[in-house]
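The values are calculated or read from the model by the stated rules, or taken from the named source; none is laboratory data. Source: prediction; values computed, not measured. Here the Cβ is made from the backbone with ideal geometry for all residues, glycine too, and neighbour counts use every protein chain on show. Side chains are part of the model used for accessible areas, which takes the heavy atoms of the whole protein and leaves out ligands, DNA and RNA. Shrake-Rupley method; radii C 1.70, N 1.55, O 1.52, S 1.80 Å.
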Amino acid sequence: MATAHYNLREIRQLYNLTQEEFALALGLTREMINKMEGGKCRQSRATQLRVKAFLDERKSENFSQDVEFMGVPAATPRGSSLPYFEMRREQKQEKQPLMVPLVGIKAQAGYVKGFEQTDYLETLEKYSLPPGVNPSGAMWSYFEVDGDSMEPTFYAGDVLLASMLPHEDWHDVKNFSVYIILTTEQLLVKRVYRKSDDMWVLLSDNEELYPQVLLPVHAIRQVWTFRRHIRSRAPQPKEFKITA
């Protein structure tokens, strides 16, 4: 039996939610919601089931109304003038953590092919943001480091937290800073030097083994700004001389 194809924009507006709040309620990203509302990607069966659960939960909380599939809602929610999420946060006195996908080493080949596919992105493991990171206004992801090209700064197995840099802001890329670059063929962790508007240079910290590479900007699909570093192992200690 086919699942319902919901009008996400109508449902979100019915509950007076932002795209960020609606995405949080469904366990998705704001970018996914934006693309599905704009018709740029289809709703997966898993997404449709999440929307159904969302509506069922609202009905159980005296927010009973009918919503037409791909249509206009039949009624407005009753019982509160506050946005739904604000009311729930006041009731629970806590905010739900934003769950961020992890692109692990084994998932990177799939990410290169399916980075815009909702079905694939929903299969990625998700983790909360570390303390002190403000989730608002950005799309976040964790990336696991593969290989030794960035040693000794990053080692294989380390995890990097990054926020997506919108295409219109690529001119803000800072020379010699670390970025996660998705190309048409692979996912890379490199330092970047903007040689021109059309050509970037990718630099490895382990430069003896990994020479600089020229990368045409037209081959870039995504740029992520490095924000946090989670080590997979403790750094090697310096040599100590016992004097105590």
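Some notes on this structure:
- Residues located in the range 104-126, provided they are surrounded by fewer than 17 Cβ atoms within 10 Å (Cβ to Cβ), in contact with a Phe, Trp or Tyr (Cβ under 8 Å, 6 or more places away or on another chain) and of a type in the set (Ser, Thr, Tyr): Tyr120
- Scoring Asp172 on the criteria (1) in contact with a Leu (Cβ under 8 Å, 6 or more places away or on another chain); (2) buried (at least 16 other Cβ atoms within 10 Å of the Cβ); (3) acidic (Asp, Glu) leaves a single failure, condition (2).
- Scanning the range 136-164 for residues that are assigned to a loop (DSSP other than H, G, I, E, B), open to solvent by 30 Å² or more (accessible area, probe 1.4 Å) and touching a residue at least 40 places away in the same chain (Cβ under 8 Å) turns up Ser136, Met139, Asp146, Asp148, Glu151, Pro152, Thr153, Tyr155, Ala156.
- All conditions in (1) under 23 Å from Ala109 (Cα atoms); (2) open to solvent by 20 Å² or more (accessible area, probe 1.4 Å); (3) in contact with a Phe, Trp or Tyr (Cβ under 9 Å, 6 or more places away or on another chain) hold for Val223, with the sole exception of (2).
- Flag if Glu90 is at pLDDT below 95 and surrounded by fewer than 15 Cβ atoms within 10 Å (Cβ to Cβ): yes
- Just so you know, in the range 186-208 the residues that are without any contact (Cβ under 8 Å) to a residue 12 or more places away in the chain and either charged (D, E, K, R) or open to solvent by 60 Å² or more (accessible area, probe 1.4 Å) (or both) include one that is farthest from Arg227 (Cα to Cα), and it is Glu208.
- A Cβ distance below 6 Å, combined with a sequence gap of six or more or placement on separate chains, defines the contacts here; from the range 101-130, residues that are in contact (Cβ under 8 Å) with a residue 60 or more places away in the chain and under 17 Å from Arg30 (Cα atoms) reach residues that are open to solvent by 30 Å² or more (accessible area, probe 1.4 Å) and not basic (Lys, Arg) in the pairs Glu122/Ala46; Lys126/Met99.
- Candidates in the range 1-11 are the residues that are open to solvent by less than 30 Å² (accessible area, probe 1.4 Å) and in a helix (DSSP H, G or I); of these, the one that is nearest to Ala138 (Cα to Cα) is Leu8.
- Contacts under 9 angstrom Cβ, first residue in the range 166-180 being over 19 Å from Ser141 (Cα atoms), partner part of a loop (DSSP other than H, G, I, E, B) and of a type outside the set (A, V, I, L, M), 6 or more apart: His171/Asp197
- Residues that are surrounded by 14 or more Cβ atoms within 10 Å (Cβ to Cβ), over 14 Å from Tyr6 (Cα atoms) and either β-branched (Val, Ile, Thr) or at pLDDT 50 or above (or both), drawn from the range 36-84: Arg58
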